[in-house]
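Asks: After the structure tokens below, expect a handful of questions from me.
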Amino acid sequence: MSENAIKRSGGFGRFFRKRTDIDMTVGSIPGNLIRFAIPLFLGALFQQLYNMVDTWVIGQTGDNAAYAAVGNMGPITNILVGFFMGLSTGASVVIAQYYGAKDNEKVSKSVHTSVMLTLVLSAVFTVVGLVSAPLILKLMLHVGPDSADSGVYPAAKTYLMIYFGGIAAQLIYNMSAGILRAIGDSDRPFYFLIVSAVTNVILDLLFVYKGGMGVAGVALATVISQIVTAVLSVYVLLTTPSCVRVNLRKIAIDGDCMKKILKIGLPTGIQTALTSFSNVFVQSYISGTDGAASIAMLPRETVQEINMSAWTTYSKIDNILFLPMTSMSMALTTFVGQNLGVGNVERAKKSVRIGWAIITVAVIACMVPLFIFTRGIASFFKNDPNVLDAAVMLLKTLTPFYLFCCVNQTLLGTMRGAGNSTAPMIIMLSCFVGARQLYLFVMTTFISNALLPVGLSYPFGWFCCASAMFVYYKFFFDFTKHRVTGDKEKRR
């Protein structure tokens, strides 16, 4: 876009071109963290709300199989999306540290390298997703050749084929938002998610209720809303006056920047992807759990749909409870990255205690109303008595253990901001994959195959991770060892 065209774009153009970045190397630590985290939280909340609308709309049709299909596909989609999010985290940390060091040339090279990486992986992940999703889905649902036409599988396959067909838009938005957040701009990604949420809700109602498209309508609405956010975020990067502005002619791989992005992002991506793949096996355990006394005499397929539907309801509320933690974790990543970029180690250290306190208070504030209104909140998604009873049981039992996650997310954001993503990867894979799968094997083989004992595998993993992360941070973590800016690069 030419400069004259930008100038003629008036108020609309000014909104996209204005600088909303935050220099976190100065000012109040809690003020900076909260100021940055609030738009992240609200944006993620809107994203979760429109995902919840997907589930709610399908839930109102009375089709348990479709409801379970839409609500339980996260572990499969997150294998690829989570891996890419890890890479975008690596790009965000590198950009944040160079931004803190005021090295605009390195910022620009890192941005254009990240864009090129996104374009390549968008094409690769589209093909990989379409080819592998049905195979992983059969593994998760225990689907054999003779049962592929019944139960949850057909609806789930329809959803995944459409979702992966449009995955490029989600990857482009995630990288673009990561670039903006690296320089402290969490406002505009939030605004774009509001637009996306409104678009998704309108299309859900139009496609499902008016068009009768069912699961396909929900998936198509999701893809279109993601395209909207991708277009808006790319427009910002093409027109912003800040150092992260994208010039189409400069999109290329810079070897040094790519090496640093992969050093941080690859362990994060591997950890997220493998954890998500492990969760496919957790979902497999869930789909194979025994029914409670009230549903034990029902056909196995019906019991499977009830338990998966209950887990869907729990998972949607679980996602909301995680938002304060993940938002502050991302804020800490940017804060620590910028401050280490300029060499202010003590300021980075102080942010850890402050961030943990903010996360813990926010999570407790969310837990209290959930305990008081558990049944009413759960019934919003699915009012089937059998599904509701199981979902309430899960929520009442598992929710207190989120306090362990406060420790995990605080230290995770801190270590990634410092450029150390290898240690968190090892710890999280050991706990969320190794320890959790061992728990599930022992529990289901020798003790109980009921829904709640299987669900407790999540708190077990959280506890192990919190313990290991705290020990590593306390005795082995070095704030300066992994930063990408050297002493000669620092400048005020």
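The values are calculated or read from the model by the stated rules, or taken from the named source; none is laboratory data. Computed from a prediction, not measured in an experiment: that's the story for all the values here. Methodologically, a virtual Cβ is constructed for each residue, glycine included, from the backbone with ideal geometry; neighbour enumeration extends over all protein chains shown. Note: accessible area is taken over every heavy atom of the protein model, side chains too, but ligands, DNA and RNA are not part of it. Shrake-Rupley method; radii C 1.70, N 1.55, O 1.52, S 1.80 Å.
Asks: Just to be sure I understand, how many residues within the range 329-347 are assigned to a helix (DSSP H, G or I), of a type in the set (A, V, I, L, M, F, W, C) and open to solvent by 10 Å² or more (accessible area, probe 1.4 Å)?
Replies: 2
Asks: Regarding the range 431-440, can at least one residue be identified that is of a type in the set (A, V, I, L, M) and open to solvent by less than 30 Å² (accessible area, probe 1.4 Å)?
Replies: Checked against the condition, which is being of a type in the set (A, V, I, L, M) and open to solvent by less than 30 Å² (accessible area, probe 1.4 Å), the range 431-440 yields at least one hit.
Asks: Sticking with this structure for a sec: Residue under question is GLY212, and the condition is that it be assigned to a loop (DSSP other than H, G, I, E, B), in contact (Cβ under 8 Å) with a residue 60 or more places away in the chain and more than 16 Å from the chain's Cα centre (by Cα); does it hold?
Replies: no
Asks: Let me ask something else about it. So in the range 372-393, with the set limited to residues that are among the charged types (D, E, K, R) and surrounded by 18 or more Cβ atoms within 10 Å (Cβ to Cβ), which one is nearest to GLN48 (Cα to Cα)?
Replies: Taking the candidates together, the pick is LYS382.
Asks: Could you list, in sequence order, the residues of the range 94-121 that are open to solvent by 10 Å² or more (accessible area, probe 1.4 Å) and either among the β-branched types (Val, Ile, Thr) or assigned to a helix (DSSP H, G or I) (or both)?
Replies: TYR99, ASN104, GLU105, LYS106, SER108, LYS109, VAL115, MET116, LEU117, LEU119, VAL120, LEU121
One line per residue, one yes/no per condition, for (1) in contact with a helix residue (DSSP H, G or I) (Cβ under 9 Å, 6 or more places away or on another chain); (2) outside any helix (DSSP H, G or I); (3) small (Gly, Ala, Ser); (4) open to solvent by 50 Å² or more (accessible area, probe 1.4 Å):
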residue	(1), (2), (3), (4)
PHE164	yes, no, no, no
ILE172	yes, no, no, no
GLY184	yes, yes, yes, no
ILE202	yes, no, no, yes
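Asks: Is it the case, given these coordinates, that VAL218 is open to solvent by 10 Å² or more (accessible area, probe 1.4 Å) and in a helix (DSSP H, G or I)?
Replies: So VAL218 fails the test.
Asks: Would you pick out the residues in the range 138-194 that are under 19 Å from ILE79 (Cβ atoms) and modelled with pLDDT under 85?
Replies: LYS138, LEU139, MET140, LEU141, HIS142, VAL143, VAL152, TYR153, ALA156
Asks: A follow-up question, please. Given the condition over 19 Å from the mean Cα position of the chain (by Cα), of a type in the set (Gly, Ala, Ser), at pLDDT below 95 and surrounded by fewer than 23 Cβ atoms within 10 Å (Cβ to Cβ), answer yes or no: does some residue in the range 348-368 qualify?
Replies: Yes, that holds for at least one residue.
Asks: Is there a residue in the range 179-201 that is among the hydroxyl-bearing types (Ser, Thr, Tyr) and within 17 Å of the chain's Cα centre (by Cα)?
Replies: Looking for residues that are among the hydroxyl-bearing types (Ser, Thr, Tyr) and within 17 Å of the chain's Cα centre (by Cα), one finds at least one in the range 179-201, hence yes.
Asks: Evaluate the range 32-41: report whether one residue or more is assigned to a helix (DSSP H, G or I), under 25 Å from LEU237 (Cα atoms), at pLDDT below 65 and open to solvent by less than 30 Å² (accessible area, probe 1.4 Å).
Replies: The answer is no, given that none of the residues of the range 32-41 is assigned to a helix (DSSP H, G or I), under 25 Å from LEU237 (Cα atoms), at pLDDT below 65 and open to solvent by less than 30 Å² (accessible area, probe 1.4 Å).
Asks: Considering only the range 256-274, state which residues are open to solvent by less than 10 Å² (accessible area, probe 1.4 Å), hydrophobic (A, V, I, L, M, F, W, C) and closer than 18 Å to GLN409 by Cα.
Replies: Across the range 256-274, the qualifying residue is only ILE264.
Asks: Checking VAL244 against (1) in a helix (DSSP H, G or I); (2) buried (at least 23 other Cβ atoms within 10 Å of the Cβ), which test does it fail?
Replies: Status for VAL244: all satisfied but (1).
Asks: Looking at the structure I just gave you, is PHE277 surrounded by 20 or more Cβ atoms within 10 Å (Cβ to Cβ) and in contact with a helix residue (DSSP H, G or I) (Cβ under 9 Å, 6 or more places away or on another chain)?
Replies: no
Asks: While we're on this one: State which residue pairs qualify: first residue within 30 Å of ILE264 (Cβ to Cβ) and inside the range 385-412, second residue basic (Lys, Arg) and surrounded by fewer than 20 Cβ atoms within 10 Å (Cβ to Cβ) in any location, beta carbons under 8 Å apart, and separation of 6 or more residues or different chains.
Replies: Here the result reads none, with nothing in the range 385-412 linked to a residue that is basic (Lys, Arg) and surrounded by fewer than 20 Cβ atoms within 10 Å (Cβ to Cβ).
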